[in-house]
Amino acid sequence: MADTTQTFEAAAYTANGTARDHVALPETLFDGTINMPVMHQAVKAYLANQRQGNAATKTRGFVAGGNQKPWRQKGTGRARQGSIRAPNWVGGGTVFGPIPRSYAQYVPRQVRALARKSAFNARAREGAVMVIDRFAYDAPKTSRLAALVARLGLEGRKVLILTNGVNEHVYLSGRNLATVHVMPYADVSAYHVLWSDAVLVEGGAIGHDLPPVADTEPEAKPKREKAAKPAKQKKTPRKAASKKAAAKRESQPAKKKKTTTARAKSAHKKPAAKKTSGKPKKRGT
């Protein structure tokens with residue numbers, strides 16, 4: 001289960017992602033030991049300890065109603081029943097349902113330490129452990145931490161950042177990144193290391209006091225240029241001439257209507273009815 005002792009080296013970077021010389025990882029922690037059963041036990045206990053255990057159902061003693069016997073014992077032809085809240089009734093109690101309980105599992109301290117050590121060695125074998133000299137953040141800046149992750153080629157992968165003690169600025173910078181988890185090095189467990197695809201450790205957390213080097217700022221993404229608006233088309237001479245003619249017509253005073261229109265209107269009028277005398281016409285004898 002345990003392999004022979006070996007030493008590991010990790011790539012080192014500045015807080016902005018500038019490459020430095022490789023550093024040797026401490027042999028006390030990174031000695032090549034990988035114990036699979038211990039890691040399984042530690043991860044299983046960690047996940048079990050996250051459960052609240054507050055699921056509950058009511059037995060027949062806690063369901064409201066059902067105090068009276070629904071019908072008499074004999075003479076009805078039906079099966080005898082003592083309560084309508086029995087488990088065989090609709091709306092009755094639940095048999096052997098879940099009740100609030102604790103799912104906590106205890107793992108000895110030395111077993112937890114061995115599982116954590118094995119998880120670190122598993123990531124070191126993959127070359128997924130990187131050292132950052134120092135996170136000197138004056139204020140929270142999510143874009144700065146996202147630029148570091150992108151510059152290291154870890155964009156879209158799960159990244160675990162371990163700081164030397166509690167660093168609130170780094171924690172707030174990575175809180176809004178879905179694939180980045182920031183926590184102090186002393187609080188890390190085997191589950192967190194195995195969850196991640198890459199581990200970024202601050203140098204001071206593993207005993208490396210790296211001197212500062214010339215740092216280069218990450219290149220800013222070029223801004224997208226706005227598309228130029230198409231130039232307005234010049235009016236053709238035909239359209240311009242027609243517009244001028246229309247304006248001329250509007251400016252001229254309205255001419256008198258021709259008399260022909262009046263005559264035409266009078267022609268359409270109905271002829272007047274002939275006047276008749278007051279005496280009625282006599283019918284023929």
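The values are calculated or read from the model by the stated rules, or taken from the named source; none is laboratory data. What you see is a predicted model, and the numbers here were worked out from it, not measured in a lab. Because the Cβ atoms are built from the backbone with ideal geometry, glycine has one as well, and the counts that use them run over all protein chains shown.
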Working carefully through the options 168, 155, find the one that is surrounded by fewer than 16 Cβ atoms within 10 Å (Cβ to Cβ) and at pLDDT below 95. 155
For region 127-143, give me the residue count where each residue is without any contact (Cβ under 8 Å) to a residue 24 or more places away in the chain and surrounded by 14 or more Cβ atoms within 10 Å (Cβ to Cβ). 0
Looking only at region 162-179, and only at residues there that are hydrophobic (A, V, I, L, M, F, W, C) and not in a loop (DSSP other than H, G, I, E, B), the one that is nearest to residue 128 (Cα to Cα): 162
Region 11-59: number of residues that are farther than 26 Å from residue 207 by Cβ and among the aliphatic types (A, V, I, L, M): 7
Quick one: residue 26 ticks every box in (1) out of contact with any helix residue (DSSP H, G or I) (no Cβ under 6 Å at 6 or more places or on another chain); (2) under 30 Å from residue 212 (Cα atoms); (3) surrounded by 12 or more Cβ atoms within 10 Å (Cβ to Cβ); (4) of a type outside the set (Val, Ile, Thr) bar one, so which box is it? (1)
Among the residues of region 41-66, which ones are in contact with a Ser or Thr (Cβ under 8 Å, 6 or more places away or on another chain) and in contact (Cβ under 8 Å) with a residue 60 or more places away in the chain? 42, 46
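Got a number for residues in region 29-59 being of a type in the set (S, T, N, Q) and surrounded by 16 or more Cβ atoms within 10 Å (Cβ to Cβ)?
Of the residues in that region, 3 qualify.
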Qualifying positions in region 127-152 - in contact with a strand residue (DSSP E or B) (Cβ under 9 Å, 6 or more places away or on another chain) and not in a helix (DSSP H, G or I): 127, 128, 129, 130, 131, 132, 133, 134, 135, 152
Does residue 112 qualify as being among the basic types (Lys, Arg), surrounded by 16 or more Cβ atoms within 10 Å (Cβ to Cβ) and either free of Cβ contacts under 8 Å to residues at least 24 places away in the same chain or touching a Lys or Arg at 6+ places or on another chain (Cβ under 9 Å) (or both)? no
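Give region 4-40 a look and list any residue that's in contact with a His (Cβ under 8 Å, 6 or more places away or on another chain) and among the charged types (D, E, K, R), or say none. Walk me through it before giving the result.
If we filter region 4-40 for residues that are in contact with a His (Cβ under 8 Å, 6 or more places away or on another chain), which is where we start, we get 9-12, 23.
Within region 4-40, 9 is the sole residue that qualifies.
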Kindly list the number of the only condition in (1) touching a His at 6+ places or on another chain (Cβ under 9 Å); (2) surrounded by fewer than 12 Cβ atoms within 10 Å (Cβ to Cβ); (3) aliphatic (A, V, I, L, M) that fails for residue 90. (1)
Might you let me know whether region 49-65 holds any residue that is among the small types (Gly, Ala, Ser) and not in a loop (DSSP other than H, G, I, E, B)? no
Within region 67-87, count every residue that is in contact (Cβ under 8 Å) with a residue 12 or more places away in the chain, among the basic types (Lys, Arg) and surrounded by fewer than 13 Cβ atoms within 10 Å (Cβ to Cβ). 1
Quick one: which of 124, 104, 186 is in a helix (DSSP H, G or I) and in contact (Cβ under 8 Å) with a residue 24 or more places away in the chain? 124
